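K.L.:
Pasting in a structure now, in structure tokens, and then I'll have a few things to ask.
The values are calculated or read from the model by the stated rules, or taken from the named source; none is laboratory data. Keep in mind that this is a model prediction, so the values were computed, not measured. Every residue, glycine among them, receives a Cβ derived from its backbone with ideal geometry; neighbour counts consider all protein chains shown.
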Amino acid sequence: MNNGVEFINISKRYGPDASSPLAVKGISFEIKKGSLTTILGPSGCGKTTTLRMIAGLESPTSGQIIMGGKDVTTLGPADRNVSMMFQSYALFPHMNVVENVMYGLKMSGIAKDAARSRAADALKNVGLVGFDTRLPSELSGGQQQRVALARALVLEPEVLLFDEPLSNLDARLRREMREEIRTLQQRLSLTVAYVTHDQSEALAVSDQIIVMDQGVIAQAGTPQDLYEYPQSEFVAGFMGEAMLFPAQADANGTVSLGPLRITPRQRVGQGAVKAAVRPEAWHIGPPGSGLAARLSKAAYLGSNYEYNFDTELGSIFVVSPDLTRVLQVGADVGLSLADHGVSVVKID
């Protein structure tokens, strides 16, 4: 163990007796010191419960939590060196920026001058020099986000926790803030657990992604592992916009998808499988090549076109970066597959 966070066979049951349903079911994982792990999954999968157990806001029903080399399973939030940043920011409206940031330090008994100096350093870290005397109501959403981040950082936590931190921001601010969080995490070597339901956010910021489904870990690994090598239908469908098609694997491991043939990067057994295909994996060629397709819908998105094709495999969604050759609805084409963005998974 490298003094990060470790969950050992953790379960959590809400309710007074053994018949109450489990929100988390015997999960084990590790967050390495100085790394960022995202816990990802749909609503109700157990990810927020897991984060709250790291924080000490919930106690596990069974199992063991190790943090910084110490068993913290039965310790409350005040006895764990963690800071949590919530979706709502929870800034005090009657306090200015520097007062908000230094509040936790003052409550910990740090002298006012020392607390103010540390708060100023934290604000500098998040790019808010000169904002000390502003009230939260005088800040943009992105600036409020930075204040909340500075308030979490100023406590110098052993582990920093984020619960859906960017969901209240517009698309551009979300991208900017996730880049800032990642840059700050790497520069300060912070140990971070980050909960989100946004796959692109998880891919952008993580060293490790843990995908949860109905209280268990469906798969854990690097962003590339999860995107390119999903191990189940659920993970393939959840990570990105993969479409799942029924397919057949022969004795040699070659997979037939209609008229198309796929050689999986991972060995699969003979029989029925599912082919997970990303929208960007389709190549659009002339009629008579590959899979016969007819264009039914087209949408221009600036940097690419989104197409829907009718085929013998059903409707297929395709993202094309080709802005010079624009297809008209009703056009006949042939679809083939690239080497990337295609994976074969067992049937759940």
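K.L.:
Scan segment 181-193 and tell me whether some residue there is of a type in the set (Lys, Arg) and either surrounded by fewer than 16 Cβ atoms within 10 Å (Cβ to Cβ) or touching a Lys or Arg at 6+ places or on another chain (Cβ under 7 Å) (or both). Give the steps one after another, and end with the answer.
P.N.:
Restricting attention to segment 181-193, the residues satisfying the condition of being of a type in the set (Lys, Arg) are 182, 187.
Still in the list and also either surrounded by fewer than 16 Cβ atoms within 10 Å (Cβ to Cβ) or touching a Lys or Arg at 6+ places or on another chain (Cβ under 7 Å) (or both): 187.
Yes: one or more hits.
K.L.:
So, one more: Identify, by number, the condition in (1) modelled with pLDDT under 90; (2) surrounded by fewer than 18 Cβ atoms within 10 Å (Cβ to Cβ) that Phe238 doesn't meet.
P.N.:
Going through (1) modelled with pLDDT under 90; (2) surrounded by fewer than 18 Cβ atoms within 10 Å (Cβ to Cβ) one by one, Phe238 breaks only (2).
K.L.:
Could you run through segment 97-120 and say how many residues are touching a residue at least 12 places away in the same chain (Cβ under 8 Å) and not in a loop (DSSP other than H, G, I, E, B)? Give the derivation first.
P.N.:
Going residue by residue through segment 97-120, those that are touching a residue at least 12 places away in the same chain (Cβ under 8 Å) are 97-98, 100-105, 108, 115-116, 118-120.
If we keep only those that are not in a loop (DSSP other than H, G, I, E, B) too, we end up with 97-98, 100-105, 115-116, 118-120.
Number of matching residues: 13.
K.L.:
Filter segment 263-293 down to the residues that are part of a strand (DSSP E or B), more than 26 Å from the chain's Cα centre (by Cα), surrounded by 14 or more Cβ atoms within 10 Å (Cβ to Cβ) and not aliphatic (A, V, I, L, M) and list them by number.
P.N.:
Going through segment 263-293, the residues part of a strand (DSSP E or B) turn out to be 271-277, 282-285, 291-293.
If we keep only those that are more than 26 Å from the chain's Cα centre (by Cα) as well, we get 271-273, 283-285, 291-293.
Within this subset, residues satisfying the condition of being surrounded by 14 or more Cβ atoms within 10 Å (Cβ to Cβ) are 273, 283-285, 291-293.
Selection gives His283, Gly285.
K.L.:
Just the residues that are surrounded by 13 or more Cβ atoms within 10 Å (Cβ to Cβ), among the hydrophobic types (A, V, I, L, M, F, W, C) and at pLDDT 95 or above, please, taken from segment 328-346. So that I can check it myself, show each step before the final result.
P.N.:
Step one: of segment 328-346, the residues surrounded by 13 or more Cβ atoms within 10 Å (Cβ to Cβ) are 331-337, 341-346.
Subset that is among the hydrophobic types (A, V, I, L, M, F, W, C): 331, 333, 335, 337, 342, 344-345.
Passing the criteria: Ala331, Val333, Leu335.
K.L.:
Assuming Thr133 fulfils every condition listed in (1) out of contact with any Lys or Arg (no Cβ under 6 Å at 6 or more places or on another chain); (2) part of a helix (DSSP H, G or I); (3) at pLDDT 90 or above apart from one, which condition is it?
P.N.:
The one condition Thr133 does not meet is (2).
K.L.:
Report the residue count in segment 99-140 for those that are aliphatic (A, V, I, L, M) and under 9 Å from Val154 (Cβ atoms). Working first, answer last.
P.N.:
Of the residues in segment 99-140, the ones aliphatic (A, V, I, L, M) are 101-102, 105, 107, 110-111, 114-115, 119-120, 122-123, 126, 128-129, 135, 139.
Cutting the leftovers down to under 9 Å from Val154 (Cβ atoms) gives us 101-102, 105, 115, 119, 122-123.
Final tally of qualifying residues: 7.
K.L.:
Checking the structure you have, find out if any residue of segment 304-312 is buried (at least 19 other Cβ atoms within 10 Å of the Cβ), of a type outside the set (A, V, I, L, M) and under 16 Å from Tyr229 (Cα atoms).
P.N.:
The answer is no, given that none of the residues of segment 304-312 is buried (at least 19 other Cβ atoms within 10 Å of the Cβ), of a type outside the set (A, V, I, L, M) and under 16 Å from Tyr229 (Cα atoms).
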